[in-house]
Amino acid sequence: MPVIPSAYAKLRARGKELSLLGATGGLLGWDQETLLPPKGHSFRAEQSAQIAGLSHRLATSPEIARWLDDCSSAFPADSAESACVARWRHDYLRATRIPPALVEENELASGLARSAWVEARKKSDFPAFAPHLEKLLSLSRKMADLWGYSDQPYDALLEGYEPGWLTRDVTALFAKLRPRLVSIAEKSFALPRPPSRKNIRGHYPRNHQEIFLQQLLPKIGFDTAAGRLDSSTHPFCSGLGPGDTRMTTRYDETDFMVSLYGVLHEAGHGLYDQGLPESQLGTPLGQAASLGIHESQSRLWENRIGRSRSFWKTWWPDLIQAFPDLSRHNHDDCWRASNAVERSFIRVEADEVTYDLHILLRFELETQLLKGDLAVRDLPAAWNELFEKLLGLKVPDDARGCLQDIHWSLGGFGYFPTYTLGNLTSSQLWQAANRDLPSLSSSIDNRDYQPLLRWLREKVHAHGRRYPASELVQRATGKALDPEAHLSVLEWKVKELAS
Ligand code: ZN
């Protein structure tokens, strides 16, 4: 069968071309957020559109269908090659079902919506954004129809972010989570000495924060010769390719936890990117399993490591040295402050306990919007009503309500649930790692994070996108994703805070 390996080699070569172009686009995007002079934005938009157009043409060209057919039964069903062919087919079908004219219309509409959203959010003016949201919803419905779904249009959108998950699965998951999260949050609010980040405000010069973070990164296993840390308004991480993982954070000189947890979060993403097999560049084996799995890595380092008592205790001498202002406190105060559970309006600032309630709200509303059960004009009222039910706060304006996130302005309906899946997965992986490595907590107490990283490399990173996310979780932890692990971690933490 000489034809088949050559078709596979062609798919692989095309995959590599797409990875190289994707990384080039990613680098332009990174530069746009970090260094680009203000007058360069419209030229940059043209450059990025050129790369995106080129990628789309390469990803949808008809010869790919032939190569896929030639490979369809060429490999044993459980082989890595067969998994790659399945992922390539999935991506090809998704990309080719949408006609180029609709892709362009969607690009244009989201470009306009994004600038309208920036202005609308500044002025808390929802009516100015509403027509854009209406337009993006109708385009998303059109695309969902073309992609196809068995139950509801939201399924087709979710598939783009977290393949294998259906709306009804997410609904069932949130039905289970909601009462438990609300009860854990209530217990946290009722703590006799509720911790607060405000208590540790002080003066933490930015250059001291940078020095400390550069010391921390290699210690948790991030290869600083194969990546960088810069600053941007919204922290992010771009795994561009082998040897080049870019992260950013933001700095607040009164609260060093902003940059600390920003970096631990993004470094979790970065460690995953650095752990993907380099030799598989261009095949799905060199790609992340899903957005939810990516987020599980960031949450694990941010919350299970960075917000642990052990972290504060073992890094305390270095922290004191970096930030003399901290010596007014002790490590336990800082540990408590870093775990403060507080009612707040803004998702990206929310603590670990209330975070998924923010996601639940968005999921409920976006599924209703997409089905047409909720009219766009009624979104602010629906948001505020559900927010008060879940978090007990009256939303003062739409900037702190339904206008706060960028996702809907980009047409990203179906993205939000991946955050919760990431949170749940992170705790389940953490539990499994502790079960598999009985001495894990003592190595972490000695600031040795290598055993944990090696475990993640072996169980998660090394497989790239070979397995669907649900199967990867099953293989790594021995069971299907179950919210129980995360809920018990949160319940345990609230008890610790009460002690
Ligand atoms: Zn993240």
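So that you can scan it fast, the table gives a plain yes or no per residue for (1) open to solvent by less than 50 Å² (accessible area, probe 1.4 Å); (2) in contact (Cβ under 8 Å) with a residue 12 or more places away in the chain; (3) within 26 Å of the chain's Cα centre (by Cα); (4) over 25 Å from Ser110 (Cβ atoms):
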| site | (1), (2), (3), (4) |
| --- | --- |
| Gly40 | yes, no, no, no |
| Ile51 | yes, yes, yes, no |
| Trp67 | yes, yes, no, yes |
| Cys71 | yes, yes, no, yes |
| Ala74 | yes, yes, no, yes |
| Cys84 | yes, yes, yes, yes |
| Tyr92 | yes, yes, yes, no |
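Quick grid of which residues meet (1) assigned to a helix (DSSP H, G or I); (2) under 23 Å from the mean Cα position of the chain (by Cα); (3) under 22 Å from Ile220 (Cβ atoms); (4) modelled with pLDDT of 95 or more:
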| site | (1), (2), (3), (4) |
| --- | --- |
| Ser443 | yes, no, yes, yes |
| Arg447 | no, no, yes, yes |
| Leu452 | yes, yes, yes, yes |
| Leu456 | yes, yes, yes, yes |
| Ala462 | yes, yes, yes, yes |
| Ser470 | yes, yes, no, yes |
| Val473 | yes, yes, no, yes |
| Leu487 | yes, yes, no, yes |
| Glu491 | yes, no, no, yes |
Review point. So Asp436 fits all but one of (1) away from the ligand (no atom under 16 Å from the Cβ); (2) surrounded by 19 or more Cβ atoms within 10 Å (Cβ to Cβ); what number is the exception?
Key: (2)
Check your understanding: Given the conditions (1) more than 12 Å from the ligand (Cβ to nearest atom); (2) touching a Leu at 6+ places or on another chain (Cβ under 8 Å); (3) outside any loop (DSSP other than H, G, I, E, B), and given that Ala267 satisfies all but one, which numbered condition is not satisfied?
Key -> (1)
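A quick yes/no check of all residues on (1) over 19 Å from Tyr355 (Cβ atoms); (2) within 16 Å of the ligand (Cβ to nearest atom); (3) outside the structural domain of Ala485 (by TED's automatic domain parsing); (4) of a type in the set (Val, Ile, Thr):
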site: His203; (1), (2), (3), (4): yes, no, no, no
site: Gly221; (1), (2), (3), (4): yes, no, no, no
site: Ser231; (1), (2), (3), (4): yes, no, no, no
site: Arg246; (1), (2), (3), (4): yes, yes, no, no
site: Leu271; (1), (2), (3), (4): yes, yes, no, no
site: Gln280; (1), (2), (3), (4): yes, no, no, no
site: Ala288; (1), (2), (3), (4): yes, yes, no, no
site: Ser298; (1), (2), (3), (4): no, yes, no, no
Exercise for review: Return the total of residues in region 309-365 being outside any loop (DSSP other than H, G, I, E, B), open to solvent by 20 Å² or more (accessible area, probe 1.4 Å), within 20 Å of Ser188 (Cα to Cα) and of a type in the set (Gly, Ala, Ser).
Suggested key: 0
Revision key, fill the gap. Taking region 204-227 and keeping residues closer than 20 Å to Gly306 by Cα and open to solvent by 30 Å² or more (accessible area, probe 1.4 Å) leaves Arg206, His208, Glu210, Ile211, Gln214, Gln215, Pro218, Lys219, Asp223, Thr224
Check your understanding: Mind checking whether some residue in region 175-187 is under 21 Å from the mean Cα position of the chain (by Cα), within 16 Å of the ligand (Cβ to nearest atom) and buried (at least 22 other Cβ atoms within 10 Å of the Cβ)?
Key -> no
Check your understanding: Lys10 fails exactly one of the following numbered conditions: (1) at pLDDT below 95; (2) open to solvent by 30 Å² or more (accessible area, probe 1.4 Å); (3) in the same structural domain as Asn106 (by TED's automatic domain parsing); (4) more than 30 Å from Tyr251 (Cβ to Cβ). What is the number of that condition?
Key -> (1)
Study note, to complete from the structure: Of the listed residues (Ser140, Ser150), the one being closer than 24 Å to Gly372 by Cα, open to solvent by 80 Å² or more (accessible area, probe 1.4 Å) and either touching a strand residue (DSSP E or B) at 6+ places or on another chain (Cβ under 6 Å) or among the hydroxyl-bearing types (Ser, Thr, Tyr) (or both) is Ser150
Revision key, fill the gap. Log entry, pairs with first residue in region 159-188 being within 21 Å of Gly412 (Cα to Cα) and at pLDDT 95 or above, second being charged (D, E, K, R) and open to solvent by 60 Å² or more (accessible area, probe 1.4 Å), beta carbons closer than 8 Å, six or more apart or on different chains, reads Leu166/Asp151; Thr167/Asp151; Arg168/Asp151; Phe174/Glu364
**Study point:** Hey, Arg168 within 23 Å of the chain's Cα centre (by Cα) and assigned to a helix (DSSP H, G or I) or not
**Key:** yes
Review point. If you check Ser124 against the conditions, is it more than 17 Å from Leu369 (Cβ to Cβ), hydroxyl-bearing (Ser, Thr, Tyr) and touching a Leu at 6+ places or on another chain (Cβ under 7 Å)?
Key: yes
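The values are calculated or read from the model by the stated rules, or taken from the named source; none is laboratory data. Predicted model only: the values in this text are computed from it and were never measured. Neighbour counts are summed over all protein chains in view; Cβ atoms, including those assigned to glycine, are modelled from backbone coordinates with ideal geometry. Areas reflect the complete protein model, heavy atoms only, side chains present, ligands, DNA and RNA absent. Shrake-Rupley method; radii C 1.70, N 1.55, O 1.52, S 1.80 Å.
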